[in-house]
Amino acid sequence: MASRFNLGGRRLRVALIAGGLLGALVTASGGAPAQAQNGGPSFPGSATFNAFSVGQNVSADALQAGDVQLADVGVTMSSAATDSTGLKGIQSETNNAVVPAPGTADLALDPAGDESYGKGSAAEVGLGTPLPNELADQVALASRAEAAALPIKISPSDPAPAGANANYTGLVKTTVAEIPGDPLLYANVLPNEAAAVWSEKTCILGQPISYGRGHAADAELVDAASDENTDDLDGPVVSVEQDFFGTANRAPADSRSFTYLINNGDGTFGVASETRMTFAPVSLLGVDPAVPTPIVVEILGEWIFRATATGKPGGASVSYTVNGPSADPDPTLVRIWLAPEAPDAVPPIEIKKSQLFGPEGITESDIPALPLLGLALGEDERAIDTDSSDGVDPTLPAVESADGTLAAGAADVIRLDALAVGDGTRVAGLRVGHMESKAQVPAGGFKCTIPVSKTGPAQASAGETINWTIKVPSDPDALLGLACDLVNITVKDTIKTVAGNASGVITNISAQGKSAPGNGPTATLSGLGPYKVGDPPIEVTVTARLTGSGRIENTADVTANLANCGQGNLGGTITGFADLAKVSGTAEVLGNATISGSGTAGNTNVAVLAARLPTTGASQGLTMLGIASLLTAAGVYLFNRKVSRSTS
């Protein structure tokens, strides 16, 4: 009897001591904390895209007058480019830099390490040398405006643009100036512009990614007259003048280029690149100030060249058209005069819109024989010429890939070849209204994200009620570069078991005075917003009750529509950009475009321990229970020891 009782007592004593110590340890300490990981996916992530567009009102190749030779000259050049993998050097057909090669020495702005670039210039001179060629001077013009992002770079840097932030250069402008450069050029420069925007967290929507504008009231290239006047040129080989016809308010030479993202209408986005151009009258070969200019060209309306790539089959396109210049359904777009002696001289050549863009195009009968002109007029969109040494092949069509991933092309409103007059004046090639555009995206396009953060406990106890906090967006600066509001914001929170039998039931989700009950592993709250970029994030609270043990994953998926796009920053600077960005059908930056994001709480998941092993901190009741367990164990041990002694 005694030995059996002692054995049973020892067994009972061991069990109570073990239970008391374990209870005390569990209630007095927590498990090893897990590292929290906040923040949603970033843009561009795995999505890669690139685009560029360039425009030149006038471009002359191998232009020579007397003892002065210029290899390449351009009037009012604009360029814009973006590359999510980092900018590369891009040369146009006319041998001008769309983007200067990163790392090149002595650049006013080096785009190395940037993803977005814009430039506007009144004139570009590739090489000016006296003959014989003893110097190779690059003519640097103070009229150029350049911008790149990210990091932010601008030229000129003074004065600093208004409205700049960590993602946006602000609108860089050059000052109004006259630039004498006899015998090479004279330019009366209006403000040229450039801007660039980039974000590593979200898409640039509602405004261009990059933008450049070249703008000049008048420009004259290469003086064929031998005088010492440096204020302007008496015998310019090429002249762009807004008041040539003696009428007020003639349009100055103007070229605008920009790149921007477009809405594919299915939750994905593509990219477009575009140049828009208007013209002042252009006179050619006016080498003798005593006689009328041999050729005067007037181009009316706003000319538009665009490349679009959606990443969808059939979604790659290159388009070329003109707006205006009047309500006439078939307006005259091009007039060419030969040696006009008065502003009211009748042009021998007039080309209407139907002739340029109709199915038949321009025929030989439309243009009288002109001994000075080797004229290409009204060509279709064609492939970008990658070898300038052998001349342009206008029969090669623009690139429009069947899978919608690549669109690229070029066009000239007018292209003239091998112009020459006496006294050593020669133009090997001259273009009026030169435009190139390219756009490239991955197959299927790409998604645009909202950075979302989520915080919550890394560990919790079964039976416990816990909260997660979701921030949309993750911080006030997360959406810098987005020129739209977020509306109709929907947050869907989901609990998923990833190990063991841990699970959770969401009991409520709430924000902005709205709430929705839950009764399972998911809950949805809709109708949040509007959210304006820069405001404090919208905070959403999710309450859940946990059961079982193991690990759970909790994710918040957020979707939102865009509204009021085209506001602020560069979107508001380009008049009517929101309308310009309507490419075709649903391919536009506006409409019902949707962007999304997600945030995961904890170290991807949350440890859930069984109810008897709470790890989120000891309550007073549990602490007292642990102490009582220790006392009980000690009391039983002493009692048992006393009994054992009395029966021995």
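The values are calculated or read from the model by the stated rules, or taken from the named source; none is laboratory data. Quantities reported herein were computed from a predicted structural model and do not represent experimental measurements. We place every Cβ from the backbone using ideal geometry, glycine too, and count neighbours over all the protein chains shown. Side chains included, ligands, DNA and RNA excluded: accessible areas come from the protein's heavy atoms. Shrake-Rupley method; radii C 1.70, N 1.55, O 1.52, S 1.80 Å.
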Subset of segment 354-380 (residues that are open to solvent by 60 Å² or more (accessible area, probe 1.4 Å), at pLDDT 70 or above and among the charged types (D, E, K, R))
ASP380
Take segment 380-401 and flag every residue that is more than 24 Å from the chain's Cα centre (by Cα) and in a loop (DSSP other than H, G, I, E, B).
ASP380, GLU381, ALA383, ASP385, THR386, ASP387, GLY391, VAL392, ASP393, PRO394, THR395, LEU396
Sort out which residues of segment 160-177 are among the hydroxyl-bearing types (Ser, Thr, Tyr), modelled with pLDDT of 85 or more and assigned to a loop (DSSP other than H, G, I, E, B), and write them in order of number.
THR169, THR174
Please go through segment 445-470 and give me each residue that is outside any strand (DSSP E or B) and either without any contact (Cβ under 8 Å) to a residue 24 or more places away in the chain or farther than 30 Å from GLU93 by Cα (or both), ordered by number.
LYS447, CYS448, ILE450, PRO451, VAL452, GLY456, PRO457, ALA458, ALA462, GLY463, GLU464
Inside segment 472-529, can you point out the residues that are loosely packed, with under 15 Cβ neighbours inside 10 Å, of a type in the set (Gly, Ala, Ser), in contact (Cβ under 8 Å) with a residue 24 or more places away in the chain and more than 26 Å from LYS201 (Cα to Cα)?
ALA499
Kindly list the number of the only condition in (1) crowded, with 17+ Cβ neighbours inside 10 Å; (2) touching a Lys or Arg at 6+ places or on another chain (Cβ under 7 Å); (3) within 26 Å of ARG382 (Cα to Cα) that fails for THR278.
(2)
For segment 584-598, does any single residue satisfy the condition of being buried (at least 17 other Cβ atoms within 10 Å of the Cβ), modelled with pLDDT of 80 or more and assigned to a loop (DSSP other than H, G, I, E, B)?
yes
For LYS438, state whether it is in a strand (DSSP E or B), open to solvent by 10 Å² or more (accessible area, probe 1.4 Å), at pLDDT 90 or above and closer than 29 Å to ALA407 by Cα.
yes
Is it the case that THR405 is at pLDDT 70 or above, over 21 Å from THR321 (Cα atoms), of a type in the set (Val, Ile, Thr) and open to solvent by 30 Å² or more (accessible area, probe 1.4 Å)?
no
Residue check for THR48: at pLDDT 90 or above and either at positive phi or among the polar types (S, T, N, Q) (or both):
no
Taking the conditions exactly as written (modelled with pLDDT of 90 or more, in contact with a Pro (Cβ under 8 Å, 6 or more places away or on another chain) and open to solvent by 10 Å² or more (accessible area, probe 1.4 Å)), does ALA112 satisfy them or not?
yes
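Condition check ((1) of a type outside the set (Val, Ile, Thr); (2) modelled with pLDDT of 90 or more) across all residues:
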position	(1), (2)
THR230	no, no
GLU241	yes, no
SER255	yes, yes
MET277	yes, yes
